[in-house]
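Contents: one structure, followed by commentary.
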Amino acid sequence: MTGFKTTGEKKMMFFSGRAHPELAEEVAQQLGVGVVPTKAFDFANGEIYVRYQESARGADCFVIQSHTAPINQWIMEQLIMIDALKRASARSITVIVPFYGYARQDKKHRGREPISARLVADLMKTAGAHRILTVDLHTDQIQGFFDGPVDHLFALPLLADYVGAKVDKDKLTIVSPDAGRVRVADRWCDRLGAPLAIVHKRRDKDVANQVTVHEVVGEVKGRVCVLVDDMIDTGGTICAAADALFAHGAEDVIVTATHGVLSGPAADRLKNSKVSEFVLTNTLPTPSELALDKITVLSIAPTIASAVREVFEDGSVTSLFDEQ
């Protein structure tokens, strides 16, 4: 399969960094193209070298790299790949970031803090990116950090349709793990026709060193609760929210998240949790130690491929999600 696709006078080329080649191959297969052969390696001191094996002159180039661990290495590799395409006279450069690194650092909570999500966007622009295509940003405001088009894709249809086909909808309650995710949870409710509940975290003023207690707002007793979040990192927050639901009489808890960061103690926490199933997408590679029966990974590749096709053919990415 060639590393490019032509439509009229336009030429698409698809490139991948080394962070998550399995997802890149899936997206390329959906598009009917090959991943452009690329020579990439690290020098002894950690510097990254990239050179493409095919000419990118005049092509609409799409560069996929998911910011998994070690996150700084893969961000830097993607920046170098963008720069290489700019200097190779690419017609346009679309950066595909299934998981956008530093997205949680999107505002200043205290003085003398950086806004690292904005810095990442600035670096991509400086490197030569014309457009960013990403999936389920931690906050919508990050779209405004990039001086150019940003296509914000959603995993909600993929995740919600999977859960809806598996569980009796009459027993479902959609649960937001905190106040910040209520808007997303509300969209789940609309899609599945289910009621909403919220896990509210607050400090226990009567107990020293007790960080939080969890209160559940909404009816969860005897219900199958679906906790919806954008990512699972160490698993502490989502597992504590699930425990609160069980304590309030939930019959079962299913956790869904777009991004399985799954760092540190996540493996043990997920394994030991009473949650019956964790449903993720493959925006990030799943560590081998987390190949558990209770973890289901759905492919985001068709969603990304559809968006790439719309961008290349000057169509509408928004139309892919109009029904939400």
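Laboratory data are not the source of any read-out in this text; all were calculated from the coordinates shown. On a predicted model such as this, the values are computed, not experimentally measured, just so you know. Because the Cβ atoms are built from the backbone with ideal geometry, glycine has one as well, and the counts that use them run over all protein chains shown.
The trypsin sites (Lys or Arg not before Pro) of segment 218-324 that meet both conditions, a loop assignment by DSSP and at most 16 other Cβ atoms within 10 Å of the site Cβ, are K221, K274, K294. Placing +1 on the Cβ of each Lys and Arg and -1 on the Cβ of each Asp and Glu in the chain, which of T68, W188, F278 has its Cα farthest towards the positive end of the resulting dipole? Farthest towards the positive pole: T68.
Here K125 is the anchor, and the aspartates and glutamates within straight C-alpha reach of less than 14 Å, apart from those fewer than 8 places off in the same chain, are D83, D147. Rounded to the nearest 20, the size of the Cβ-charge dipole of the chain about its Cα centre is 700 debye, with Lys and Arg at +1 and Asp and Glu at -1. Please determine, in degrees from 0 to 90 and to the nearest 10, the orientation of helix 301-312 with respect to the longest principal axis defined by the Cα atoms of the chain, where the helix direction is its Cα long axis. Rounded to the nearest ten degrees, it is 40. Relative to the longest principal axis of the Cα atoms of the chain, helix 116-127 runs at roughly 10 degrees. Going from the fewest other Cβ atoms within 10 Å to the most, the residues T318, T38, T258, T286 appear in the order T318, T286, T38, T258.
Sorted ascending by nearby beta carbons within 10 Å, beginning with the fewest, M81, M76 become M76, M81.
Dipole size of segment 39-114 about its Cα centre, with +1 on Lys/Arg Cβ and -1 on Asp/Glu Cβ: approximately 320 debye, rounded to the nearest 20.
Taking R0 as 35 Å, what FRET efficiency do you get between D168 and K201 from their Cβ-Cβ distance, rounded to the nearest 0.05? FRET efficiency, D168 to K201: 0.75. Remark: the E47-F246 segment gains 66.8 nm on full extension, using 0.36 nm per residue and subtracting the alpha carbon distance. The magnitude of the dipole of segment 224-324, with charges of +1 and -1 set on the Cβ of Lys/Arg and Asp/Glu and taken from the Cα centre, is near 380 debye. I need the calculated FRET efficiency for the pair R112 and T286, taking r as the beta carbon distance and R₀ as 35 Å, to the nearest 0.05. Here the calculated transfer efficiency is 0.45. Annotation note: trypsin sites (Lys or Arg not before Pro) in segment 146-204 located in DSSP loop regions with a Cβ neighbour count of at most 11 within 10 Å are R203.
Counting neighbouring Cβ atoms within 10 Å and putting the fewest first, the residues D136, D243, D151, D170 line up as D170, D243, D151, D136. Each semi-axis of the equivalent ellipsoid for the chain is √(5λ) with λ an eigenvalue of the Cα gyration tensor; in descending order they amount to 37, 22, 18 Å. Shape of segment 156-298 from its Cα gyration tensor (a ≥ b ≥ c, root eigenvalues): rounded if a/c is under 1.5, otherwise prolate when a/b > b/c, or oblate? Oblate. Please give the Cα centre distance for segment 56-96 versus segment 228-303, rounded to the nearest Å. So the separation of the two Cα centres works out to 30 Å.
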